[in-house]
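Beneath this line is the structure, given in structure tokens, with notes to follow.
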Amino acid sequence: MSVDSGKGSMRMKGDAAGRAAVSWMVLMTSNEMTEIQRLEFEAWLKADQSNMLAWQRISSGLQPFGIVSRTGIGAKAVSQVSDIPSRRRRTLMRGGLGVLVAAAGGAAVVQRFLPLDQMLSDHYTKTAEQSRFALFDGTRVTLAPRSAINVMLQPTQRRVDLLQGLMMVEVDANDSRPFAAKVDDLVLSAATGTFMLDRRPDGLVIVGVKGYGSLAGRGVGSIGVSPGSRFLFDQNGLTASIVDASAAVSWTTGWAIVHNESIDRIVEQIRPYFAGIIRVSPMAGQRHASGLFNLYDPIGSLHMMARSVGLSMKQASGFWVHLGI
């Protein structure tokens, strides 16, 4: 009787910790976690081993969606889960996700790992996942994390539509059909060459990397796109500039080469590689930094950036990060 009672007590304790872990996860992904709540979370995490195990179970259950341990989320739990037999691991994963999706805001949690609104597109990438592939015409596409495209290959035309995120496209010259890359109402046309298209929160960016093309749309007529030319379309209209093309596409190597960029902009480049929350205070976001940042080590890169410009950095279990003055 005493043994059964103990097991029942442990089960009830674990269930309570699991419910609490889900609540903390939903709060973190709401982007409304306060500093006081962060401290309360850390205290809860350290208060009992069952709390730590519950948090690891929730976070590690999401790891198969491409979130590797170096993102800082449940790194210890990942190594533990990898030693579990595959059948039990699949059950654990389904259980963790089932709880999350059932919880209020659960879809928002999963959205941080999978672009749910783009899962019906022809190609898409998950958080912290890059994808390189060739289309049937020989054109090569590199998708940054959390990006999506549709592809249209017809007898008289070949076209790639950027629906979300960032891509580099290397147009194959052996196909005689006209090629176009479209993002919103902008159309880039080229017979050959390499180009980058970026659909970011504050606007659209087109960069010429190699070869020549033309850009049309938004009432600008036809603009020539050459290596190093950069075009930003935002609420202020069109801004044209010359950039280092190799630096602009450095993200395809897993590194970001940054020269005198705002902290807000650097964090925007890191966010797709991190499933957690990164919050930046308004004053911190206005500072500028330069450097070489490892996109697949978002926590390490944020630490390095914060130190270089004198910012404070606070964390909650590797999932919630705050940068401030």
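Structure summary
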read-out	value
Cα-based reach from K210 at 18 Å (exclusive), listing aspartates and glutamates while leaving out same-chain residues under 8 positions away	E170, D172, D175, D198, D244
Straight-distance crosslink candidates among aspartates and glutamates, where the alpha carbon sits under 12 Å from K314 and sequence neighbours closer than 8 are dropped	E35, E42
Rounded to whole Hz, the Karplus (6.51, -1.76, 1.60) HN-Hα couplings of the range 278-288, x for glycine and proline	10, 10, 10, 5, x, 5, 5, x, 7, 5, 10
DSSP bridge pairs, the range 254-324: antiparallel proportion in percent, nearest 5	75
Residue order, fewest to most beta carbons within 10 Å, for D198, D175	D175, D198
Amide H contacts of E129 (H built 1.01 Å from N, under 5 Å, at least 5 apart or other chain)	R146
Rg followed by Dmax, in Å, when the range 131-231 is reduced to its Cα trace	12.4, 36
Mean separation of Cα contacts under 8 Å, 6 or more apart, over the residue count of the range 135-248: relative contact order %	17
D184 paired with D48, simple spin-label distance in nm, labels 7 Å along Cα-to-beta-carbon	5.0
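Every number in this text was worked out from the coordinates using simple rules, so none of it is lab data. What you see is a predicted model, and the numbers here were worked out from it, not measured in a lab. When we count neighbours, we look across all protein chains shown, and the Cβ atoms used for this are built from the backbone with ideal geometry, even at glycine.
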